[in-house]
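Notes follow once the structure below has been shown.
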Amino acid sequence: MHNDAVLARSTPTVPRFPEEERHFSQPADARPAAPFRDEFLDPEPGLSPMRAGRCAFIQALARPLDRAFLSEFLVDFTWASSLLEGSSYSVLDTATLIECGERNPTKPMDEAVLALNHQRVAAHLWADREWSVANLCRMHALLTDDHGLAEVCDSDHFLPVEQRGRPREFQDIRLRQSAYLPPFRPGTGHATSLLGQVMAVARTLHPVQAAFYLLTRVAYIQSFANGNKRTARIAANLPLLESGLLPLSYVDVDKAEYLRGMVAFYELGSARVLERTFIRAYAKSVVRASRVPAAMLADGFNVDAVSEQLAEYITTGHRPADPHAVVFLE
């Protein structure tokens, strides 16, 4: 059967989320304040066991997690996660920086440092998969390091040395474009305690469920003065790598949808928007990191189309019709 015919029959459905859409019809300063809620640290809402299982089931063509894989993952993760922070670095800029040590001289220095910090933290996690608050803090410190460079010290991407890798104690924070009020209990060690609670809950979950939980909850508790979403994105890869599953690169994640999904969780406790983003991102990460047979590549293999079909399979359980997608199922 012609591939176009298969694709036409398997066009993914796009769920709508009316509650979230109504909520975001008002600007942040017109929405009701949304204080931190302890119950949002429960495993639900989260990725269902069936969907998590299907994320693990689409890895029949997965490449081995070896040094060759790492070199490509470092570029993809660094580029994609930096984009979500507002970087203008292209994938070529990123590869040149990581592989040749040459930054793009036409772009701000802080973007080069942001990228290098992402590369360092991904390499760190590859070597050190310790499941602990201390390791989470080490990764945060790597992500927010300004390397003592005066020209980047005022950038929002970095923190002074006394705040890197150290949970907030006496500093309250407010988020731009959100009505969410992060927890603030000065002098109690509450921010550190929340990190421990999140790590403990994640440890009890299926690895892919744990990845989604860490992506949402590490960001939600806002335990650090800045860099919480970045830390959450790398933390999500801890349970995946520890279990031998392909990690999330975040390539082609829609920034607007990702941020809206985070704010929907912060303010409403709804994980539906971010779940869709996560599933799409994971399907794309798996396809990009798989060994696609040469014959299939020559037959018009389409990364985006196959990724969408696998995301639809993860979401609904409906087996894809396209043979290019079916081969990813174990």
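On inspection, PHE212 fails the criterion of being crowded, with 21+ Cβ neighbours inside 10 Å and part of a loop (DSSP other than H, G, I, E, B).
Is segment 52-72 home to any residue that is among the hydroxyl-bearing types (Ser, Thr, Tyr), in a helix (DSSP H, G or I), at pLDDT 95 or above and surrounded by fewer than 17 Cβ atoms within 10 Å (Cβ to Cβ)? For segment 52-72, residues among the hydroxyl-bearing types (Ser, Thr, Tyr), in a helix (DSSP H, G or I), at pLDDT 95 or above and surrounded by fewer than 17 Cβ atoms within 10 Å (Cβ to Cβ): present. The set of residues in segment 250-300 being farther than 30 Å from ARG67 by Cα, of a type in the set (Ser, Thr, Tyr) and touching a strand residue (DSSP E or B) at 6+ places or on another chain (Cβ under 9 Å) consists of TYR266 alone.
Residue under question is ASN237, and the condition is that it be more than 20 Å from SER48 (Cβ to Cβ) and crowded, with 18+ Cβ neighbours inside 10 Å; does it hold? Answer is yes for this residue. Within segment 264-309, track down each residue that is out of contact with any Asp or Glu (no Cβ under 7 Å at 6 or more places or on another chain) and among the polar types (S, T, N, Q). Answer for segment 264-309, where residues must be out of contact with any Asp or Glu (no Cβ under 7 Å at 6 or more places or on another chain) and among the polar types (S, T, N, Q): SER285, SER290, ASN302, SER307. Scanning segment 279-312 for residues that are touching a Leu at 6+ places or on another chain (Cβ under 9 Å), among the polar types (S, T, N, Q) and surrounded by 18 or more Cβ atoms within 10 Å (Cβ to Cβ) yields SER285, SER290, GLN309.
Only one of the listed residues (ARG260, ARG276, ARG203) is over 21 Å from LEU143 (Cβ atoms), touching a Gly at 6+ places or on another chain (Cβ under 8 Å), among the charged types (D, E, K, R) and surrounded by fewer than 21 Cβ atoms within 10 Å (Cβ to Cβ). That residue is ARG276.
Inside segment 17-51, residues that are in a helix (DSSP H, G or I) and in contact (Cβ under 8 Å) with a residue 60 or more places away in the chain make up a count of 11. Listed by position, the helices (runs of 4 or more DSSP H) enclosed by segment 239-326 that each have at least 1 residues that are in contact with a Lys or Arg (Cβ under 8 Å, 6 or more places away or on another chain), at pLDDT 95 or above and of a type in the set (Phe, Trp, Tyr) are 303-316.
Could you list, ordered by first residue, the pairs with Cβ atoms under 8 Å in which the first is in segment 261-283 and among the polar types (S, T, N, Q) and the second is in a helix (DSSP H, G or I), at least 6 apart or interchain? That search, which allows pairs on different chains as well, returns SER270/GLU19; SER270/GLU20; SER270/ALA264; THR277/GLU257; THR277/TYR258; THR277/GLY261. Of the residues that sit in segment 216-256 and are hydrophobic (A, V, I, L, M, F, W, C) and more than 30 Å from GLY189 (Cβ to Cβ), which one is nearest to the chain's Cα centre (by Cα)? Among those that are hydrophobic (A, V, I, L, M, F, W, C) and more than 30 Å from GLY189 (Cβ to Cβ), it is LEU248. For segment 115-161, filtering for residues that are of a type in the set (Val, Ile, Thr) and in a loop (DSSP other than H, G, I, E, B) leaves 1. When the residues of segment 177-200 are filtered to those that are in a loop (DSSP other than H, G, I, E, B) and free of Cβ contacts under 8 Å to residues at least 12 places away in the same chain, the one that is surrounded by the fewest Cβ atoms within 10 Å (Cβ to Cβ) is THR188.
The values are calculated or read from the model by the stated rules, or taken from the named source; none is laboratory data. What you see is a predicted model; the values in this text were computed from it and never measured. A quick note on method: Cβ atoms are made from the backbone with ideal geometry, for glycine too, and the neighbour counts reach across all protein chains shown.
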